[in-house]
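The values are calculated or read from the model by the stated rules, or taken from the named source; none is laboratory data. Being a predicted model, the structure only gives us computed values, none of them experimental. When we count neighbours, we look across all protein chains shown, and the Cβ atoms used for this are built from the backbone with ideal geometry, even at glycine. When the accessible area is computed, the model is the full protein with side chains, heavy atoms only, and any ligands, DNA or RNA have been set aside. Shrake-Rupley method; radii C 1.70, N 1.55, O 1.52, S 1.80 Å.
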Amino acid sequence: MGRATLEKNPRDVASMFDAVARRYDLTNTVMSLGQDRFWRRATRAALRIGPQDKVLDLAAGTAVSTVELATSGAWCVAADFSVGMLAAGASRDVPKVAGDATRLPFDDGVFDAVTISFGLRNVVDHAAGLREMARVTRPGGRLVVCEFSTPTNRLFATAYKEYLMQALPRIARAVSSNPEAYVYLAESIRAWPDQTQLAHQIADAGWSSVRWRNLTGGIVALHAATKPLR
């Protein structure tokens, strides 16, 4: 499987991620110029989790993000629909579950917090995914979505889009186990809603107190929300 399309057929997307799993972490670090580590730490801080919390890390891939979350002392489980990605992270000592974001294999209200990093835009119906995240989170529980977004500076935004479509695939050819997949990833980032639009979609899915914080000039945004008590 080389790449998926923006129609995001779940089987195609899962196969594509299976194909990039072997060198996925290295590729991300190179293409983000090391910013991926900062983004993971910022996500953990935004979740405000501690030793008494149960946390779902959705679209966790190789579970590198789950390990970061677990440094808080919380019990954290990695979930992803790409079995290849979970297998690539087999050495990481956190629980792992294969599952579809639109049909999560968990009971209602079992998690204190849920997060998804760079995965929501790959869900075929991300509104359904947001509703599922709300379902498995207890009332008063927390959500953090870490996702690529729209840079706040217009000149920077133009340069960033050029980087996505030109430089990113070239870098991927040098370091990725499946370079064609990164053409899809670049296209999916460009097609993704901006900060305000995503905030509205999160609220429409049943979350409250939605707010966001820009990271790295808006290349990435952290959207945080709370599940209503009623």
Can you tell me the orientation of helix 35-47 relative to the chain, as the angle in degrees between its alpha-carbon axis and the longest Cα principal axis, to the nearest 10? 10 degrees
Find the accessible area per residue for the stretch 37-140; the probe is 1.4 Å, ligands and nucleic acids are left out, and the unit is Å². 40 Å²
Taking Cα pairs under 8 Å and at least six residues apart, what relative contact order does the chain come out at, in percent? 22 percent
Which of (1) 19.1, 58; (2) 17.5, 54; (3) 16.4, 51 is the computed Rg and Dmax of the Cα atoms in Å? It is (3)
With the full set of protein chains in place, find how many percent of the accessible area of the chain is carbon and sulfur; take the probe as 1.4 Å. 52 percent
Run the helix sum for the chain: -39,500 (n - 2.57) per DSSP H stretch of 4+ residues, divided by residue count, reported at 222 nm to the nearest 500 deg cm²/dmol. -11500 deg cm²/dmol
Taking every other residue with Cβ under 15 Å from the Cβ of SER72 and scoring Lys and Arg +1, Asp and Glu -1, one gets +2
Rounded to 5, percent antiparallel among DSSP beta bridges of the stretch 109-230: 70 percent
Starting from the amide H of PHE111, placed 1.01 Å from N in the peptide plane, find each other amide H under 5 Å away whose residue is 5 or more places distant or on another chain. THR137, ARG138
Under a Cβ-Cβ cut-off of 10 Å, what is the net charge of the residues other than GLY119 that fall near it, where Lys and Arg count +1 and Asp and Glu count -1? -2
For the chain, longest principal axis from Cα atoms; helix 181-190 axis from its Cα atoms; angle between them, nearest 10 degrees, is 70 degrees
